[in-house]
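Undergrad: To start, I am sharing the structure in question, which I have written as structure tokens.
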Amino acid sequence: MIPPIARSFVAGEVPATAITHVAGLNERNVGGILNLLGEHYEEPADATADAEEYVTLVQDIAAADLDACISVKPSQLGLDLGADVFEGHLERIVAAGQEHDVFVWIDMEDHTTTNVTLDAFEHHARATDGDVGVCVQANLERTRSDLDRLAELPGKVRLVKGAYDEPSAIAHTSKKAIDDAFRACIRQAFETFDDGVAVASHDPEMIALAEECHDEYGTPYEVQMLMGVRETAQYELAESRPVYQYVPYGNRWLSYFYRRIRERKGNALFALRAVLTS
Ligand code: FAD
């Protein structure tokens with residue numbers, strides 16, 4: 001069972017609780033991005049089980065008529081076992097998404113997975129004419145040129161600062177350099193993309209920049225934030241633009257919860273306050 005302290009960040013252990021959470025978000029004009037927690041599987045059966053759960057989840061989202069999509073991790077779909085394992089599972093999930101009109105995002109993991117992830121995205125972006133999205137990370141030096149490649153493709157792109165500690169030979173590592181790179185990626189994406197940009201950040205300055213670029217270039221965009229982080233801001237922003245909340249669920253919640261706490265002391269205080277006031 002998920003302890004009360006983690007419940008602010010994780011929508012329960014089973015799909016039904018996550019679906020209920022997203023229904024509540026939809027009432028407040030916020031969409032849901034459902035993510036079944038799991039990564040770096042070494043057993044083929046784990047990747048197969050998660051792929052099957054995503055297929056069922058897509059059906060559940062459609063049956064409940066939710067404003068929701070899903071987001072999958074390559075290593076959850078078996079990338080560590082082989083690119084063919086990942087691609088096979090992704091193929092099934094994207095086919096289910098197509099059948100039920102549910103958008104499929106691909107999360108981006110560490111830099112060793114960037115090429116295979118972008119290649120898989122390109123394949124499905126072309127095959128579905130844009131019913132998939134991929135995440136790119138501003139902390140990687142390669143990302144500005146990856147954005148040139150992505151601008152030629154249908155589909156949506158999620159811009160993030162980057163959650164993985166990457167080597168300084170290939171990545172910006174100081175907060176200032178990452179923030180500068182993120183600003184540059186936002187400007188480039190709004191200037192060159194047609195199908196839409198997702199700015200996934202809790203940073204008010206970056207969200208203001210996205211709005212400014214939207215006014216300048218007219219590119220459609222959405223803001224994405226995590227469950228449990230700046231939720232009041234999510235509801236306020238949703239009054240004037242599309243907002244999606246990333247909603248993780250599942251029984252592998254422990255490492256995700258620790259990541260949120262490590263990321264920011266304020267998250268620990270928020271989780272504690274939620275427990276004390278519940
Ligand atoms: P930060 O630099 O962490 O924070 C900037 C400012 O935001 C702070 O100064 C503060 O003003 C505000 N802020 C941040 N947190 C809080 C808080 N708890 N309370 C109040 N204010 C706060 N990373 C990947 O590598 N791959 C992915 O696929 C990926 N997908 C993501 C999907 C979504 C929807 C989101 C939101 C993030 C994703 N990330 C992903 C994580 C991302 O890379 C960052 O690590 C994470 O979002 C933190 O960066 P930030 O832009 O929010 O800004």
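The values are calculated or read from the model by the stated rules, or taken from the named source; none is laboratory data. Owing to the predicted nature of the structure, the values given are computational and were not obtained by experimental measurement. For neighbour counting, all protein chains shown are included, and Cβ atoms are generated from backbone atoms with ideal geometry for every residue, glycine included. For accessibility, only protein heavy atoms count, side chains too; no ligands or nucleic acids. Shrake-Rupley method; radii C 1.70, N 1.55, O 1.52, S 1.80 Å.
Undergrad: Applying the selection to the range 104-120, what residues are more than 10 Å from the ligand (Cβ to nearest atom), in contact with a helix residue (DSSP H, G or I) (Cβ under 8 Å, 6 or more places away or on another chain) and of a type outside the set (Ser, Thr, Tyr)?
TA: If the condition is that a residue be more than 10 Å from the ligand (Cβ to nearest atom), in contact with a helix residue (DSSP H, G or I) (Cβ under 8 Å, 6 or more places away or on another chain) and of a type outside the set (Ser, Thr, Tyr), then Val104, Val116, Leu118, Ala120 are the ones that fit.
Undergrad: Moving on. What residue, among those in the range 239-261 that are within 11 Å of the ligand (Cβ to nearest atom) and at pLDDT below 95, is least open to solvent (accessible area, probe 1.4 Å)?
TA: Just the residues of the range 239-261 that are within 11 Å of the ligand (Cβ to nearest atom), to begin with: 243-248, 259-261.
Right, trim to at pLDDT below 95 and you get 259-261.
Values: Arg259: 59, Arg260: 14, Ile261: 46 Å².
So the residue we want is Arg260.
Undergrad: Tally the residues that are assigned to a helix (DSSP H, G or I), basic (Lys, Arg) and either in contact (Cβ under 8 Å) with a residue 60 or more places away in the chain or in contact with a helix residue (DSSP H, G or I) (Cβ under 9 Å, 6 or more places away or on another chain) (or both), restricting the search to the range 146-205. Full working, then the answer.
TA: At the first step, the residues of the range 146-205 found to be assigned to a helix (DSSP H, G or I) are 146-151, 175-192, 204-205.
Cutting the leftovers down to basic (Lys, Arg) gives us 149, 175-176, 183, 187.
Now restrict to residues that are either in contact (Cβ under 8 Å) with a residue 60 or more places away in the chain or in contact with a helix residue (DSSP H, G or I) (Cβ under 9 Å, 6 or more places away or on another chain) (or both): 149, 183, 187.
The number of residues fulfilling the criteria is 3.
Undergrad: Looking at the range 49-65, which of its residues are of a type in the set (Gly, Ala, Ser), surrounded by fewer than 23 Cβ atoms within 10 Å (Cβ to Cβ) and in a helix (DSSP H, G or I)?
TA: Step one: list which residues in the range 49-65 are of a type in the set (Gly, Ala, Ser), which gives 49, 51, 62-64.
Retained after the next criterion (residues that are surrounded by fewer than 23 Cβ atoms within 10 Å (Cβ to Cβ)): 49, 62-64.
Scanning the range 49-65 gives Ala49, Ala62, Ala63.
Residues are listed down the side, and each one gets a yes or a no for (1) at pLDDT 95 or above; (2) more than 15 Å from the ligand (Cβ to nearest atom); (3) under 19 Å from His21 (Cβ atoms):
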site: Ile178; (1), (2), (3): yes, no, no
site: Phe190; (1), (2), (3): yes, yes, no
site: Val197; (1), (2), (3): yes, no, no
site: Asp215; (1), (2), (3): yes, yes, no
site: Met225; (1), (2), (3): yes, no, yes
site: Glu231; (1), (2), (3): yes, no, yes
site: Leu237; (1), (2), (3): yes, no, yes
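Undergrad: Could you please give the count of residues in the range 75-89 that are buried (at least 24 other Cβ atoms within 10 Å of the Cβ) and over 28 Å from Thr20 (Cβ atoms)?
TA: The total comes to 3.
Undergrad: Consider only pairs whose beta carbons are under 8 Å apart and that are at least six residues apart or on different chains; among these, list those whose first residue lies in the range 44-73 and is closer than 12 Å to Phe103 by Cβ and whose second residue is among the hydroxyl-bearing types (Ser, Thr, Tyr).
TA: Taking only residues 6 or more apart or on different chains, the pairs are Cys69/Tyr244; Ile70/Tyr54; Ser71/Tyr246; Val72/Tyr54.
Undergrad: Quick check on this structure: which one of Arg92, Arg7 is of a type in the set (Lys, Arg), open to solvent by 60 Å² or more (accessible area, probe 1.4 Å) and free of Cβ contacts under 8 Å to residues at least 60 places away in the same chain?
TA: On the way: Arg7 fails: free of Cβ contacts under 8 Å to residues at least 60 places away in the same chain.
None of the others qualify; the one that does is Arg92.
Undergrad: Taking the range 206-232 as the region of interest, how many residues are open to solvent by 10 Å² or more (accessible area, probe 1.4 Å), outside any strand (DSSP E or B) and hydroxyl-bearing (Ser, Thr, Tyr)?
TA: Residues meeting the conditions: 2.
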